[in-house]
Every structure is written in C-alpha cells, then in structure tokens.
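Written below as structure tokens is the structure these notes are about.
All of the numbers you see were taken from the coordinates with simple rules; none came from a lab. Computed from a prediction, not measured in an experiment: that's the story for all the values here. Ideal geometry is used to build each Cβ from the backbone, glycine not excepted, and the neighbour counts take in all protein chains shown.
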Amino acid sequence: MNTLRTRPKYSLLNVRSLALIYLLLTILTILFSRSFLADMLRDGEIPETRSLAVFFTIPVVLLVLLIIPCLNLAWDFLARRTGSRFQAKLLIYFVIITVLAAAPVMIITNLAVRELLKFWKTIDVSAALDQAQHFAMETYSLNIEKLEARVQQGFFGGEGKPGGEVLAIQDFIREEGVWKEKSFQGNEEKRLASPPGRQQGLVSRELPRDSNTIRYILLPSQDMIRVISWNLGDGFDPALEVIENEQARFEIIDSIRFNIRRLLTFYYCVFFLPALLMTFIIALSFTRRVTSPIAELAEATRRVAEGDFSIQILPRRGDELSLLISSFNAMVRDLEKSRGALVRAEKISIWQNMAEQLAHEIKNPLTPVKLSAERVLRRWRNDPGAIGEILESSMLAIIQETDGLSAMLTEFRALSRPAEPSRTWTELRGLVEGIAASYGVSHPGVRFDISHTEKGILLKIDKNRLSQALTNLIINSIDAMDGSGLIEIRTDLVKKWQSRYCRICIKDSGKGIAQENTQHVFTPYFTTKKSGTGLGLPIVERIVNDHGGAVWFNSAEGAGTAFFIDLPLDRKEP
C-alpha cells in the first residue's frame, strides 16, 4: 500500500522553538533596560558595536531560518508543485497584514520621536541651570563683600558678638608654640579644633567642614588668631550641589539627543525586527500546515485518477483535515473494492465476448472447409475417376481457410499473452525508417513523410513488439487510403504529470473513421474490413499499455485519421 504523510517537506520552527526564542528576546530586553540604557544615560554614549553584537545574534539566526524555507517555497513555486501557489498567496496575505499592522506603529513612533526632538530643542534647560549657578555665585560673592566690609569697618576688632549673619567668633592663642582655643561664641556646629590658617583673609572652604559657611581670619596680635564664621544661608551648598549635578546630568541627556536616531534604529533591529521575523516564520508554518494536507489530497486524487487505488494518506493527530482525509481514504478503499469487482466482471464479460467472437470467427471458415470436404467425398463415392476435377480447388479452399484460422489464432495469442516486454535501448528514428522503407517498396502508391521524426530519441522498449504495433497502424492507414496517399510520421517530446513522454503520431490521408464506429475501434473482433480479424488495434493498445504508455486517435470522415502513442522517457526501473 502506498502512503502519503501530510507533513511539510522541509522543517520549520515549531511552537516550542518560537517560545524559546521569545524567552531569549525577553531576557535580552531586560539586559538592555538594565545595562545598555543605564550605561548610555551614565556616559551619554552608545556602546561600541562589538559590545552590541550579542543583541544581533537572534535576528540573524531568525533571518537565516526564514530565508531557507522561503527559497524552498520559491523553488516549489517555479517548479509549479501542487499547493505551492496557494501557499505563496497565503504567505503574501500574511505579510501584507503584518506590514499594515506594523507600519502605523513605526510611523507614529518616528513622528513622536521627531516631535519630541523638536520640543527638546526649544527647552533651554542648560541656560536655566547656568543662570541658577551664576545666581549662587553672585550670592556667594555678595556675602564675601559684606564680610570684608564688616572687617574693614572694624566690626570684629573689639569684643564683637555673633548674631544675624555671623555664626561664630573663635579666638586662638599660641602658648609655647602650640595654638589653643581662647574663646568661642556662637553656633557650636561651627567650632574648629584648630585654626584653619595663619594668614589674614578669607579661608579656602572645605566641605563638609564649611557647609553653608565662609570663614575669615583676623590677626589681632602676633600670637592670636580670630576666626569669623559667616552664614551663606541655609541650604546654600546642597542647592549648589543639586545645580551642579543636574547640570552634569542634563549635559549627558542632551548628548543622547544626537544619538537618538541610532538608538531607534538599534531598537528596531534588535527587538522589532525579530518580532516581524517570528511572525513571518509562524505564517510560513501555518501556510505549510494548511496547504500540505491539501497538496497531498490533490496528489492522491491525481494518482487515483491515474488508476492507483492503493494510495492512502496518513493524517496527523489533531489535524483539522483529518476527518476529510479519513473520508478520502475510506472512499479510495471502497473504489478499490468496486474497481476490483468491476475489473473481474469486465474481464469475465470480455472473455465471454471474445470466446463468442472467436467461436463465431472459427465457425465461419469451418463451413467452406466442411463443404469442400463433403464435395470431394461425394465425387469420390459417385465418380472416383472424375475426382481430379474438383480436388485441387477444394484442397486450395481448405488450405486458405486453414491459414486464416492459423493467423487468427496467432493474433489472439498475441492479444492475450501477459508476457513482460523484453526492453532494450532503441533509437526510434531508425525503427521508423525501417518500417517506412519496407512498406514504401511494397506499396508504391503510398508516400511516407518522416521528416518530423527527430533523431537521437532513445526509448527502452521491446523493439519487435513496438514494431508490430507501428506496422499494424501503418497497414490500417494503407487500407484506409486504398493503397494510395500520404502517411506522415512525427515525434514530439511532451510532459505529463511531472514525467516526460515521447509522442508518436501516425497520420494518414484516408477516408477516416465513421462517428458511430469510434467507440468500438479498440474492441476485440470489431472490424469494418471484409478480410479483417478485428484484433489489430486491440493488439496495438495492449503493446502500448505493456510499455507504460497510452494510445488514442483523432479522426474525421473524409479528412483522414491520426493515431497518437505516448511512451515514457523517464521510466523507473523496478
């Protein structure tokens, strides 16, 4: 029993593989969010291409896995294999739907990014931050001027006390070369363990020691240092730090603006493109899953139409078309049973008819044989001396009828024998030339045209039996032309059902076949000739069928008849 499986000829990614790829994409997305974006926001630059190569691995793999089945589909389409056109149409519909669904997202995203960039350019955050920093420096300078003005006015020369903008006043004296605190007034948080300097003037600020504070040193005497702590305002240093940090962060963000298009392209290639490729791969899998059973059904139907009733299709478990396939298999099994019964009945009927025809054909020549024998016997009994007058004619009649019986039995044996042809490689042109030359000599009124018989066509055939088939057709053509006319023999290479055939055409210019006789041409013992046995064309059909070919004809009364024989060129040896 021949079986067909409703499965794709080339494998595609299954659901599990696609789920695994989707999981990998999700992991890459998390890595991208935590690593790639974080590094870019921190440094303001897109990492090097080499460090991004891992992100392009899956798109490249998916692209390869998509290209291979697409090339196979294109090959099937060009070869016009069953189901390929339907699958291509379904795939095109999927692609169009996917593109129509994805295009608005891409267009809106690009427009949104473009508008955001335009709006971004209109926001001068950098100028605002510069102004804020400038304002803080102005405040700082103003406090220094006020402090220096107080010093110049001698405000801290006597016994000044802290208050207002003065946070603390601390005096140090030197005893035996060591500076020690003499007095302290003001905020305890501003108390120093030692003098911050030895020279009069502003002291360089050190954070967090001098947070929100500037200090000034006075030298009332050689062995005394007075430190004035001046208030810059609560939150001055934290606010200044915030301004500086935000300014640095904005510079990083502003630098990203120039790489935003590269970032968007990277996003499309790494995350959006794989989603599209997975969609196309799923579409290919779906179309193959849908079209494969249909293609197998079409192939099985063709083979059933050619007479192969042993074909069965193996459906996949859970396939939506399994019920249809099961029904088809049941139908083919029923057809095989019906055909078997029909063939047996037809064979019995044919052999009954052939037996009746053979008995009838044998009975006809037996009558003149019997009459000739009875005539000789009567003359022998009545007038033995005159038997010579009828002996020769009677014996010739008996011999003639006996030869006819022998020829008829020989043809019947050729029709009924089941012997397999003895095949050898034969050049067709040479075979045709030999037959045409032989009958051209014996029938000078017949002209043969074999100019359209190609040279070099080799067929693996039984040369003698095919020669017999061609000879029978040529004899019928000569009889149809009454021994005078044109017989054209030509060859053509044709393709049927994915197989190549050599087509032989034998066309005559005779009287043609009557319409009412066309359906009986290949019926054994049917003949319109007075001397015919009715077995010539059935023998031709049998020989052609034994070679795996087919024979048919076209005819029109008064215009001649053309017989066609198709013999396979691509015969597969068993």
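Observations, loosely collected:
- Ranked list, fewest to most other Cβ atoms within 10 Å of each Cβ, for CYS505, CYS269: CYS269, CYS505
- Phi-based couplings in Hz for the stretch 190-205 (Karplus 6.51, -1.76, 1.60; Gly and Pro marked x): 9, 5, 10, 7, 8, x, x, x, 10, 10, 6, x, 5, 9, 4, 6
- If the chain linking SER221 and GLU244 were pulled fully straight, counting 0.36 nm for each residue of separation and taking away their Cα-Cα distance, it would gain 4.2 nm.
- Karplus-based coupling profile of the stretch 474-491, in residue order and whole Hz: 5, 4, 4, 5, 4, 5, 5, 9, 6, x, 8, x, 10, 10, 9, 10, 9, 10, with θ = phi - 60° in 6.51 cos²θ - 1.76 cosθ + 1.60 and x standing for Gly or Pro.
- Alpha-carbon centroid distance for the pair the stretch 181-197 / the stretch 473-493, whole angstrom: 136 Å
- Segments 286-298, 57-69 sorted - mean Cβ within 10 Å per residue, highest first: 286-298, 57-69
- Nonlocal amide H pairs with ASP462, under 5 Å, H built at 1.01 Å: THR424
- Amide hydrogen neighbours beyond the local backbone of ARG191, cut-off 5 Å, H modeled: none
- Rounded to the nearest Hz, the phi-derived 3J(HN,Hα) couplings of the stretch 68-78 under the Karplus curve 6.51 cos²θ - 1.76 cosθ + 1.60 (θ = phi - 60°) are 4, x, 5, 5, 4, 5, 4, 5, 4, 5, 5, where x marks glycine and proline.
- Ranked HIS547, HIS134, criterion: other C-beta atoms within 10 Å, fewest first: HIS134, HIS547
- Close amide H contacts of VAL446 (hydrogens built in the peptide plane, cut-off under 5 Å, sequence separation of 5 or more or a different chain): GLY485.
- Check: the stretch 417-568 dipole with +1 on Lys, Arg Cβ and -1 on Asp, Glu Cβ, in debye: 360 debye
- When TYR140, TYR501 are sorted by how many other C-beta atoms sit within 10 angstrom of their C-beta, beginning with the fewest, the order is TYR140, TYR501.
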